[in-house]
Amino acid sequence: MPLSSHKTAGKILPLLIVGIVLLIGGAVYFLTKGSAFSNLETLPAEQYLNKPADFLGNDYAIRAQIDSQINWQKGLGRILAVTPEGSSMRLPVFVPESVGGNIHIGQRFEMRVRIEEGGLIYVEALRKY
């Protein structure tokens, strides 16, 4: 009897190790999967406002609170004024209809943005925080 229980333990141990490795790997993947935002530099808002053309074509992250809705057009999207975290200045951002769902004044979002022609801050993705 001791011999068969030793064989069973010998089979279970490798399976247990593989299971633990998979759990740890899965946890690391889910904790780092927010890279759509986390790998971006934060938009330097004051510098952007002084010279928006210097930022054309670049991608940034903005963590901001919605201050007001400036305009909305069905089928196109909305222009919002947002206040970046740690700042009192307001930035205009364009949120295409395909990206934004229900957006309310006072909500906080992390945004992946691209500076487009004319210095427009174009939101490519957003999520509440």
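The values are calculated or read from the model by the stated rules, or taken from the named source; none is laboratory data. All figures in this text were calculated on a predicted structure; none of them were measured in a lab. All Cβ positions, glycine included, derive from the backbone under ideal geometry; neighbour counts span all protein chains shown.
Overview of values
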quantity	calculated
Residue that is farthest from the chain's Cα centre (by Cα), among those in the stretch 90-129 that are closer than 13 Å to residue 63 by Cα and in a loop (DSSP other than H, G, I, E, B)	90
Condition broken by residue 80, with the remaining ones in (1) in contact with a Ser or Thr (Cβ under 8 Å, 6 or more places away or on another chain); (2) farther than 20 Å from residue 55 by Cβ; (3) crowded, with 16+ Cβ neighbours inside 10 Å satisfied	(2)
Filtered residue count, the stretch 87-129, keeping only those that are under 13 Å from residue 68 (Cα atoms) and either touching a Phe, Trp or Tyr at 6+ places or on another chain (Cβ under 6 Å) or not assigned by TED's automatic domain parsing to the domain that holds residue 47 (or both)	2
Matching residues, the stretch 12-49, being in a helix (DSSP H, G or I), at pLDDT 75 or above and in contact with a strand residue (DSSP E or B) (Cβ under 9 Å, 6 or more places away or on another chain)	45, 48, 49
Candidate set from the stretch 71-89 (those that are modelled with pLDDT under 95 and hydroxyl-bearing (Ser, Thr, Tyr)); member that is farthest from the chain's Cα centre (by Cα)	88
